[in-house]
Amino acid sequence: MKALYTILLLVVSNVFMTFAWYGHLKLQQMKLIESWPLYLVILFSWGIALAEYSCQIPANRIGFVDNGGPFTLMQLKVMQEVITLIIFTVFTTVFFRGEALHWNHLAAFVCLIMAVYFVFMK
């Protein structure tokens, strides 16, 4: 169950992270925050990032082998990166419709999936 909780928390964390890092660009496109000064956009993103950290830190603590979890530090990091890429890809294709996936993006995804395979290989 710790593996499942870790992965779910990493997914939720990365949803918040993606919105914190890139959501303000969509809000600016939609003309909702175009007049906001940069410091206010940063504070807004920090507020979202707080929710990200509230999931990321427990995910790492629950999942880390030294805390009784099933994952090494390297495994946690590689999983987090792959989850980030998946969430970012969904976010980009849904919210930024002008962005398209190309063959080289898919080739990069395959390389990351191979990285997950290799990091979990005994």
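The values are calculated or read from the model by the stated rules, or taken from the named source; none is laboratory data. Here the structure is a predicted model, which means the values were calculated and not measured. Ideal geometry is used to build each Cβ from the backbone, glycine not excepted, and the neighbour counts take in all protein chains shown.
Overview of results
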| read-out | value |
| --- | --- |
| Count - residues of the stretch 34-48 that are within 14 Å of the chain's Cα centre (by Cα) and either aromatic (Phe, Trp, Tyr) or at pLDDT 95 or above (or both) | 0 |
| Members of the stretch 11-66 found to be within 24 Å of Arg97 (Cα to Cα) and β-branched (Val, Ile, Thr), listed by number | Val11, Val12, Val15, Thr18, Ile33, Val41, Ile48 |
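Residue-by-condition table, conditions (1) under 19 Å from Leu4 (Cβ atoms); (2) modelled with pLDDT of 95 or more:
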site	(1), (2)
Leu32	no, no
Ile57	yes, yes
Ile62	yes, yes
Pro70	yes, yes
Gln80	yes, no
Phe95	no, no
Cys111	no, no
Met114	no, no
Met121	no, no
